[in-house]
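Single-structure report; data block below.
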Amino acid sequence: MNRALETIAAWVLGIAWILPLVYAFWTALHPTEFSTRFDLSAPWTVQNLVTAWNAAPFARYILNTILLCALVLVGQLILCTFAGYAFARFDFWGKTLAFLLVLVQLMIMPDVLIVENYQTLSRLGLLDTIFGIGLPYMASAFGIFLLRQTFKTVPKELDEAARVEGCGPVQILWKVYVPLAKPVYLAYALVSVSYHWNNFLWPLIVTNSVNARPLTVGLQVFASVDQGIDWAIITAATLITSGPLLIAFLLFQRQFVQSFMRAGIK
Amino acid sequence: MQTRYSAHIYGWLLLLPAAVLLVAFTHAPMVSAFVDSFMSTPKGARPARFVGLMQYETLIEDPIFWRVLGNNILFAVWTIPASIALAIAMALLVNGKLKGRGFLRMAYFTPTVLPMIAVANIWMFFFTPDYGLIDQIRGLFGGGPVNWLGQQSTALYCLMVVTVWKEAGFFMIFYLAALQGINPSLYEAASLEGASRWTVFRRITWPLLMPTTLFVLINAVIGAFRLVDHVVVMTKGGPDNASSLLLFYIYEIGFKYWDTAYASTLTVVLLVLLAAVAVFQFTYLDKRTHYQ
């Protein structure tokens, strides 16, 4: 009895959670007149996707988003690896204070400092550039913390063995630490890409042209300006926006879930 | 290391690139928000000048600020417990043996990887008066159309629904991981004692999930003050600021009215709120979470 109730509860929740997405697919893949009518005999069409794709430079937006995610990720991996290594293996002056200052960013992310960061970016002449969107996120406290924790678990003997062979600190980092942290890098990369693929407010503020605008901002411009309330087309555009990441998620579900888990439980 | 100083030098050299960016985009803006909050907004040829506490006086007398702050607190007070309760329920449900477990886990987690901006666009249609899914279902039971996003009494709650829907599955995975870490012999002992399922949850599961709950809580609080994408898409803070949140108000003041000094003052309020969360975490929580 209990078991059956639980199964029903789980499925009710599951359907409630998947329904908006199912609905989005329904609307996007049927003619507009079926947006509000659920008729199983309704004809399927990809016309909405085609119309949306042609109505705004989505190809460019996708390219911008991919460039943004790649740029942020590469920057984060390099900076956080160096910083995490410094905190894990070197005793330098002011280490504790420096670490506390890094942790501040876990609470106060660049997302909330929009007014000041906009001014900084403007002074650097980086407004409306993909580099400008990504720059504030490259030194990620979360990444530094995650890699510090990981590097701390590497046995010191490996480190010393490499040193005996004449490796310098950076060589040791590259040959010993980085290979051992591969699963953590993968987890971090998935979390980072998901975050920046979906990020909206900061890119909205910084960009004002097609050349730099990522998908999320492109979608908003498209949905609020170009269309009246043709829901079929707007939903098609939301699918274009979420599609690549959604497909990646469905293909690599286990890796995604484990990455988010690993990133959360340090 | 070869010499006495090399650890210091290497340490700082390795840290330097990250430190420069952290200072430039986190610490310096915090300080400059604070400084700017005592200045006037520069206009045209007139540079910013020191105005003392004037911006804070404006803030205290600004009814919109109080309304937005109240909204944000209400938003946090509703969405955080709701997301956490649902996340625990989901984790407990899909942790056991269940038909379609893999599908359900995926269904719960999928909203996490969708952009809030896309999610908000889809939900907006659900809330559309008359044609939207919610009103269509209400229509079946004889309910009339409701302008969910367009009336003050419901707009903020609509945003809460979307937020809970988006976040519960994300929090679920942390609970799932924690549940899998609980020693099964505890449950065996409880069943030997004949404990009811509620007792088992209250006495074993819940206390052992405490560290996870606190971790999720901190993230949820930060999220409640950081994420306003859905506000931009669904309501633009309206009607009459009924659904505006603090960061959205900062965005409006800073980038629509270009009153940067007042936006900095509002940012200081947001920073104080987040700092309070940090102090709470470091002083209170770290002591109370070591059960094992």
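The values are calculated or read from the model by the stated rules, or taken from the named source; none is laboratory data. Remember, it's a predicted structure, so these values are computed and weren't measured experimentally. All Cβ positions, even for glycine, are placed from backbone atoms using ideal geometry, and neighbour counts span all protein chains on display. With ligands, DNA and RNA removed, areas are computed over all heavy atoms of the protein, side chains included. Shrake-Rupley method; radii C 1.70, N 1.55, O 1.52, S 1.80 Å.
Can you tell me which residues in the range A:22-35 are in a helix (DSSP H, G or I) and surrounded by 20 or more Cβ atoms within 10 Å (Cβ to Cβ)? Even if it seems obvious, please write down each step before you answer.
As a first pass, look at the range A:22-35 and keep what is in a helix (DSSP H, G or I): A:22-28, A:32-34.
Scanning the range A:22-35 gives A:Ala24, A:Thr27, A:Ala28.
Residues considered: A:Phe38, A:Phe82. Of these, the only one that is within 12 Å of chain B (Cβ to nearest Cβ), assigned to a loop (DSSP other than H, G, I, E, B), open to solvent by 50 Å² or more (accessible area, probe 1.4 Å) and not aliphatic (A, V, I, L, M) is A:Phe38.
Suppose we filter the range B:110-145 for residues that are part of a loop (DSSP other than H, G, I, E, B) and at the interface with chain A (Cβ under 7 Å from one of its Cβ atoms); how many remain? Don't jump to the end; show me each part of the working.
We begin by selecting, within the range B:110-145, every residue part of a loop (DSSP other than H, G, I, E, B); these are B:114-115, B:127-132, B:141-145.
From the residues that got through so far, the ones that are at the interface with chain A (Cβ under 7 Å from one of its Cβ atoms) too are B:114-115, B:131.
Total meeting the criteria: 3.
Scanning the range A:146-172 for residues that are of a type in the set (Asp, Glu) and closer than 28 Å to A:Ala187 by Cα yields A:Glu157, A:Asp159, A:Glu160. Would you check if there is a residue in the range B:178-189 being charged (D, E, K, R) and over 30 Å from B:Val68 (Cβ atoms)? Scanning the range B:178-189 turns up at least one residue that is charged (D, E, K, R) and over 30 Å from B:Val68 (Cβ atoms).
Of the helices (runs of 4 or more DSSP H) lying entirely inside the range B:1-104, those containing at least 3 residues that are facing chain A (nearest Cβ under 8 Å) span B:6-22, B:28-36, B:63-95. Determine whether A:Gly243 is within 30 Å of B:Tyr131 (Cβ to Cβ) and either crowded, with 22+ Cβ neighbours inside 10 Å or among the small types (Gly, Ala, Ser) (or both). In short, yes. The condition (being under 15 Å from A:Thr27 (Cβ atoms) and part of a helix (DSSP H, G or I)) is satisfied by just one residue among A:Thr241, A:Thr216: A:Thr241. For A:Val178, the conditions (1) of a type outside the set (D, E, K, R); (2) more than 10 Å from chain B (Cβ to nearest Cβ); (3) out of contact with any helix residue (DSSP H, G or I) (no Cβ under 8 Å at 6 or more places or on another chain) all hold with the exception of (3). Scanning the range A:155-173 for residues that are more than 17 Å from B:Gly11 (Cβ to Cβ), under 32 Å from the mean Cα position of the chain (by Cα) and among the hydrophobic types (A, V, I, L, M, F, W, C) gives no hits. On the stretch given as the range A:1-21, residues that are away from chain B (no Cβ under 12 Å) and either open to solvent by less than 70 Å² (accessible area, probe 1.4 Å) or assigned to a helix (DSSP H, G or I) (or both) total 0.
Which one is modelled with the lowest pLDDT among residues in the range A:41-73 that are within 19 Å of A:Trp197 (Cα to Cα) and open to solvent by 80 Å² or more (accessible area, probe 1.4 Å)? Write out each step before concluding.
Initially, the range A:41-73 is screened for residues within 19 Å of A:Trp197 (Cα to Cα), giving A:53, A:56-73.
Next, from what is left, pick out any that are open to solvent by 80 Å² or more (accessible area, probe 1.4 Å): A:53, A:60, A:63, A:66-67.
Values: A:Trp53: 90, A:Arg60: 94, A:Leu63: 95, A:Ile66: 95, A:Leu67: 96.
Filtering first and then ranking leaves A:Trp53.
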